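Enquirer: Input: one structure, supplied below.
The values are calculated or read from the model by the stated rules, or taken from the named source; none is laboratory data. Please read these numbers as outputs of a predicted model, since none were measured by experiment. Note: ideal-geometry Cβ built from the backbone for every residue, glycine included; neighbour counts use all protein chains shown.
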Amino acid sequence: MTLLADSPATRRPPGLLAATLVVLRKDLLIEWRTRARLNALLFFAISTLLLFSFALGAKSAVLKAHAGGYFWLAIIFASILSLSESFRIEGENAALEGLKLAAIDARAVFIGKALGNTVLLWGLGIILAPLSIAVFDLNVMLGLWRLVGIIGIGSMAISAAGTFYSAIASNARARDVLLPILLFPVLVPVIISSVGATSLIFEGDPMGQMSSWVGMLGVLNVIYWALGLVLFPRITEDI
Amino acid sequence: MPSWLANALLILPAGLLIAICFKRDLIEIGWKVMAVQAAIMLPVGAWLGLSWAPPEREMGDVYRIIYAHVPQVWMALLGVTLNFGCSVAYLMKKSWTADALAEASAEVGLYFGIVGVTLGAIWGKPTWGVYWTWDPRLTSAAVMLIYYTGYLAMRRFTENPDTRATWSAALGTFGIVIPVTVYFSVVWMKSLHQVQSTPKTVDPQMVFALRWAACAFLCLLIVFVYQRYKVARAALAREVAPPEALGPAPVPKGLTT
């Protein structure tokens, strides 16, 4: 318990960064102790990838041409499970009440949880990428580290918007319906730009379009994180 | 048709709105004036668009649907922008007026959006050969409709008025990303949908007919939003009222002595 110091002299509320790290550590620790969520996500994403190939028939050329799209759709579908789970665990034993009562900035909760989700989705993407490359017979033209980077910034954008929306949806009625309805429309630009960038990695980038897709992902990240930081403290007041 | 006349059309609704800002009581007369204005302008606008304005060089008469399609989509964007303004106002001032107005504007904006997109699809068939194409403008407009459906669904799924107001204000604020994308999608991305026209490149008669239609639909939007706002306020008053304020419970038939 690093939040509560023993002597009254040092009993000051921790700063934003310290509190963020505590929330992040808490989320990752819960995940590490069970590892249930990452396992479930992984198998869910793999079955989604396989379902695409069943739905389209065994046409390797078609699957190969759209592999970037299937890869990101698998991540996005899995993110819905991950995001709703990240607030469900706070519902147990009124943990969210505890977080709200703790003398920390509400923004720290947002950043911590969103980073926790980012780490999970990034990990999922990194595990899923070699699998997609093998299953869809893809060639990595631009280097694996770029793919890892794009999965990272894509996951950050999904997690920022997703953490914000799942905080609302997880406390409303019909939460399972509400989260995708609200989140998918906001994620459309993220899907377009991450799929665009990922396809370039698999197909090569003769026209030099990579920087515009990455730039768009960067701008989306700035917008989503900024809006989340401003609005999250207000929505948790009323949960 | 002189261009100042087209701009003059907006004087009545704009003047009324400004007057209402200073004197709230005027709203009761104001909305009726706008309803009358809409009732007169809509049929005249239909005539202007369908027969008075000249046919378009490439599309002939098919283009005439723009006099309904374009203003309705404008009104949809105006509705969701109003929703954004009210959402921010609620977050800053916690005013129930802003909350009710946000609900009204989202619903009316969604209505205009659905009609506008449907009209666009009808126009797309003879012009592009398909009702729907996965073009950035169309896709972003469809996404906007889904988002505001979700917004209204969230309002229905949340019982506590305070929570509902705060959450929907947060959603409305976050959601502004989407109408901005819709508006600029034709500029930012390669799109089949044409970019915004300016009056300089369009026949003055067409400009006049389009402005006329836009003004008529603006009056309609204001009337719809105000009526829906009154419903939202009444629903809110009923929700927060103590049970005795609603009067005695009706006695079922057969139980009276």
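Enquirer: Quick one: would you say B:Y111 is among the aromatic types (F, W, Y), assigned to a helix (DSSP H, G or I), within 14 Å of the chain's Cα centre (by Cα) and within 14 Å of chain A (Cβ to nearest Cβ)? Give the steps one after another, and end with the answer.
Expert: On the way: among the aromatic types (F, W, Y): yes; assigned to a helix (DSSP H, G or I): yes; within 14 Å of the chain's Cα centre (by Cα): yes; within 14 Å of chain A (Cβ to nearest Cβ): no.
The answer is no for B:Y111.
Enquirer: Only one residue in B:T133, B:T149 is of a type outside the set (D, E) and touching a residue at least 40 places away in the same chain (Cβ under 8 Å). Which one? Step through it out loud before you land on a result.
Expert: Values: B:T149 fails: touching a residue at least 40 places away in the same chain (Cβ under 8 Å).
When all the criteria are applied, what remains is B:T133.
Enquirer: Among the residues of the stretch B:129-140 satisfying the criterion of being part of a helix (DSSP H, G or I) and touching a His at 6+ places or on another chain (Cβ under 9 Å), which is farthest from B:D61 (Cα to Cα)? Spell out how you get there, then give the answer.
Expert: Step one: of the stretch B:129-140, the residues part of a helix (DSSP H, G or I) are B:136-140.
Now restrict to residues that are touching a His at 6+ places or on another chain (Cβ under 9 Å): B:136-138.
Numbers: B:P136: 26, B:R137: 23, B:L138: 22 Å.
This residue is B:P136.
Enquirer: Please determine whether any residue of the stretch B:88-95 is farther than 27 Å from A:L231 by Cβ, modelled with pLDDT under 90 and of a type outside the set (S, T, Y). Walk me through how you get there before you give the answer.
Expert: The first filter runs over the stretch B:88-95 and keeps only residues farther than 27 Å from A:L231 by Cβ, leaving none.
No, the stretch B:88-95 contains no residue that is farther than 27 Å from A:L231 by Cβ, modelled with pLDDT under 90 and of a type outside the set (S, T, Y).
Enquirer: Could you list, in sequence order, all residues of the stretch B:162-172 that are more than 13 Å from A:L182 (Cβ to Cβ) and at the interface with another protein chain (Cβ under 7 Å from one of its Cβ atoms)? Reasoning before the result, please.
Expert: Of the stretch B:162-172, the ones more than 13 Å from A:L182 (Cβ to Cβ) are B:162-166, B:169.
Scanning the stretch B:162-172 gives B:D162, B:T163, B:T166.
Enquirer: A further question follows. Name the residues in the stretch A:170-190 that are small (G, A, S) and facing chain B (nearest Cβ under 8 Å), would you? Give the steps one after another, and end with the answer.
Expert: Of all residues in the stretch A:170-190, those small (G, A, S) come to A:170, A:172, A:174.
Once the filter is applied, which keeps residues that are small (G, A, S) and facing chain B (nearest Cβ under 8 Å), the stretch A:170-190 yields A:A172, A:A174.
Enquirer: If we keep just the residues of the stretch B:75-108 that are of a type in the set (F, W, Y) and surrounded by fewer than 24 Cβ atoms within 10 Å (Cβ to Cβ), which is nearest to the chain's Cα centre (by Cα)? Break it down into steps so the answer makes sense when it comes.
Expert: Residues of the stretch B:75-108 that are of a type in the set (F, W, Y), as a first pass: B:84, B:90, B:96.
Next, from what is left, pick out any that are surrounded by fewer than 24 Cβ atoms within 10 Å (Cβ to Cβ): B:84, B:96.
Numbers: B:F84: 13, B:W96: 20 Å.
Selected residue: B:F84.
Enquirer: A:R146 - would you say it is among the basic types (K, R) and away from chain B (no Cβ under 14 Å)? Outline the logic, then answer.
Expert: On the way: among the basic types (K, R): yes; away from chain B (no Cβ under 14 Å): yes.
Against the criterion (among the basic types (K, R) and away from chain B (no Cβ under 14 Å)), A:R146 qualifies.
Enquirer: Can you name the condition, by its number, that B:E159 falls short on among (1) of a type outside the set (S, T, N, Q); (2) more than 20 Å from the chain's Cα centre (by Cα); (3) part of a helix (DSSP H, G or I); (4) within 11 Å of another protein chain (Cβ to nearest Cβ)?
Expert: Checking B:E159 against (1) of a type outside the set (S, T, N, Q); (2) more than 20 Å from the chain's Cα centre (by Cα); (3) part of a helix (DSSP H, G or I); (4) within 11 Å of another protein chain (Cβ to nearest Cβ), the one that fails is (3).
Enquirer: Can you tell which of A:S211, A:S193 is of a type in the set (S, T, N, Q), away from every other protein chain (no Cβ under 14 Å) and in a helix (DSSP H, G or I)?
Expert: On the way: A:S193 fails: away from every other protein chain (no Cβ under 14 Å).
Just a single option satisfies the conditions, and that option is A:S211.
Enquirer: How many residues are farther than 27 Å from B:I66 by Cα and in contact (Cβ under 8 Å) with a residue 24 or more places away in the chain when one looks only at the stretch B:10-48?
Expert: So the answer is 1.
Results for (1) within 20 Å of the chain's Cα centre (by Cα); (2) part of a helix (DSSP H, G or I), shown as yes or no for each residue.
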site: A:L42; (1), (2): yes, yes
site: A:I46; (1), (2): yes, yes
site: A:S53; (1), (2): no, yes
site: A:F71; (1), (2): yes, yes
site: A:I104; (1), (2): no, no
site: A:K113; (1), (2): yes, yes
site: A:G123; (1), (2): yes, yes
site: A:L128; (1), (2): yes, yes
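Enquirer: Looking at A:D205 and the list (1) assigned to a helix (DSSP H, G or I); (2) touching a residue at least 60 places away in the same chain (Cβ under 8 Å); (3) not small (G, A, S), which single condition is not satisfied?
Expert: Single failed check for A:D205: (1).
Enquirer: Can I ask one more? Can you pull out the residues in the stretch A:222-235 that are more than 7 Å from chain B (Cβ to nearest Cβ), buried (at least 19 other Cβ atoms within 10 Å of the Cβ) and either among the β-branched types (V, I, T) or farther than 15 Å from B:T163 by Cβ (or both)? Don't jump to the end; show me each part of the working.
Expert: Of the stretch A:222-235, the ones more than 7 Å from chain B (Cβ to nearest Cβ) are A:222, A:224-226, A:228-230, A:232-233.
Of the ones still in play, those that are also buried (at least 19 other Cβ atoms within 10 Å of the Cβ) are A:224-225, A:228, A:232.
Matches in the stretch A:222-235: A:Y224, A:W225, A:G228.
Enquirer: While we're here: Please find, within the stretch A:149-164, the residue that is surrounded by the fewest Cβ atoms within 10 Å (Cβ to Cβ) out of those that are hydroxyl-bearing (S, T, Y) and more than 14 Å from every other protein chain (Cβ to nearest Cβ). Please lay out each step first, then the result.
Expert: Taking the stretch A:149-164 and keeping what is hydroxyl-bearing (S, T, Y), we get A:155, A:159, A:163.
From what is left, the residues that are more than 14 Å from every other protein chain (Cβ to nearest Cβ) are A:155, A:159.
Working: A:S155: 25, A:S159: 29.
Only one residue tops the list, namely A:S155.
Enquirer: Would you check if there is a residue in the stretch A:165-176 being in contact with a Leu (Cβ under 7 Å, 6 or more places away or on another chain), closer than 24 Å to A:Y70 by Cβ and of a type in the set (A, V, I, L, M, F, W, C)?
Expert: Within the stretch A:165-176, none of the residues are in contact with a Leu (Cβ under 7 Å, 6 or more places away or on another chain), closer than 24 Å to A:Y70 by Cβ and of a type in the set (A, V, I, L, M, F, W, C).
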